[in-house]
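Reviewing the structure listed below.
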Amino acid sequence: MGTLFSLSTLIILSWVLCPSTRTEAQAIRSARLLDLLIRDYTFKSFDASFTTGIVHSVSLPPNFSGIGVNIARFRCGSLRRYGAQVKEFHLGIGVTIHPCVERVVIVNQNLGYNWSNIYYENYDLSGYQLVSPVLGLLAYNAGSDLNSSNPFEVGIVAGEKPISVNFENITKVRNASGLTPLCAIFDGDGKVSLTKQASPFVCLARKNGHFGLVTEKPSPATLDGDGGRKESKWKVAVGSSIGAALGAFLLGLLLVAMLVRVKKRTRMEELERRAYEEEALQVSMVGHIRAPMASNTRTMPNSIEHEYIPPPR
């Protein structure tokens with residue numbers, strides 16, 4: 001174990017001292033390696049002991065940006081008698097440490113959404129998606145100080161009451177409607193177990209490990225159906241509005257055209273009537289009055305009246 005500790009410490013120091021390798025932290029693909037690196041930096045970041053039972057935050061180097069780590073040291077007996085609250089984890093009365101040591105350091109990890117992808121890639125979560133960061137609860141032996149030359153992992157076993165994990169303040173599932181999260185328990189052997197929530201955003205566990213919330217991925221049919229219906233309703237509403245406006249516009253144009261046509265027809269009829277009347281009777285002015293006059297051409301009589309001689313009787 002000492003060799004493993006020294007090796008992982010050298011890896012961390014090389015990343016801190018060599019700028020060209022700082023970005024390589026994102027290339028970590030092993031969940032176990034990530035735990036060891038966080039452990040080593042946590043134990044090396046403190047030079048003196050701190051108050052037992054108080055939760056302290058740990059500042060990780062920039063190449064581990066997005067990971068939150070909090071630690072607290074307890075006596076095994078006190079932890080069993082009183083339990084503890086370490087960030088999102090609540091350890092009830094009766095919790096035991098196996099193997100039991102004088103003191104134990106409880107490490108709480110919040111891997112954030114980016115680093116949680118390591119668990120998504122290393123565990124079989126086909127058909128599911130993470131909707132919360134992965135939270136880790138780990139325990140290590142601790143002596144009188146945190147600069148133990150040989151920190152090793154110990155187990156946390158719940159008593160009568162299970163360990164509770166509260167995701168209420170860190171999950172994004174509330175932003176999605178109609179999704180029922182399941183609790184994902186990531187075991188060290190590469191297996192993942194899915195269980196129902198004990199209450200909204202709260203999962204239960206019997207031992208230490210890593211935990212997260214997952215939901216089923218919507219199937220393409222569901223996406224097409226739900227999204228298609230919503231999109232269709234939206235399109236229908238917009239299309240109906242545009243169609244109604246266009247229909248009103250066209251109807252207005254039709255009415256205007258009909259009015260113009262009727263007016264034009266009336267005008268033409270009036271012109272034809274006037275032309276017919278003026279052709280039948282010429283109109284001339286008599287004083288200030290227009291009056292129709294007969295044509296100058298009249299039928300001439302056979303004989304003039306004053307030259308008419310009646311026949312003899």
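The values are calculated or read from the model by the stated rules, or taken from the named source; none is laboratory data. In this text the structure is predicted, and so the values were computed from the model without any measurement. With ideal geometry, Cβ positions are generated from the backbone for all residues, glycine too; neighbour counts draw on all protein chains shown. Heads up: the accessible areas ignore ligands, DNA and RNA and are worked out on the full protein's heavy atoms, side chains in. Shrake-Rupley method; radii C 1.70, N 1.55, O 1.52, S 1.80 Å.
Before moving on, here are some points about what is shown:
- On full extension, the segment bounded by Arg29 and Ile93 gains 19.4 nm, given 0.36 nm per residue less the C-alpha separation.
- Computed from the C-beta positions of Asn150 and Arg81 and an R0 of 35 Å, the FRET efficiency is 0.80 to the nearest 0.05.
- In a fully extended conformation the segment linking Thr52 and Val256 would gain 64.4 nm over its present Cα-Cα distance, using 0.36 nm per residue.
- Inter-site label distance for Ser65 and Thr195 at 7 Å from Cα along Cβ, in nm: 3.7
- Principal axis extents of the C-alpha atoms in the range 159-199 (largest first, rounded to whole Å): 33, 26, 17.
- Probe 1.4 Å, all protein chains present, accessible-area order of Asp35, Asp124, Asp187, largest first: Asp124, Asp187, Asp35
- Of the accessible area of the range 87-146, computed with a 1.4 Å probe over protein heavy atoms only, carbon and sulfur atoms account for 48 percent.
- His90 accessible area, 1.4 Å probe, all protein chains in place, Å² to nearest 10: 80
- Sites Glu168 and Ala237 - FRET efficiency at Förster radius 45 Å, r taken between beta-carbons, to 0.05: 0.80
- Accessible area per residue (1.4 Å probe, heavy atoms of protein chains only) ranks Leu182, Leu34 as Leu182, Leu34, with the largest value leading.
- Taken per residue, the accessible surface of the range 29-216 reaches 46 Å², heavy atoms only and a 1.4 Å probe.
- When the Cα convex hull of the range 79-198 is projected onto planes of every orientation, the mean area is 8.8 nm².
- Linear extension gain, Thr266 paired with Ser45, 0.36 nm per residue minus alpha-carbon span: 69.5 nm
- Annotation for Lys217 and Leu179: the two label points, set 7 Å from Cα along the Cα-Cβ direction, are 1.3 nm apart.
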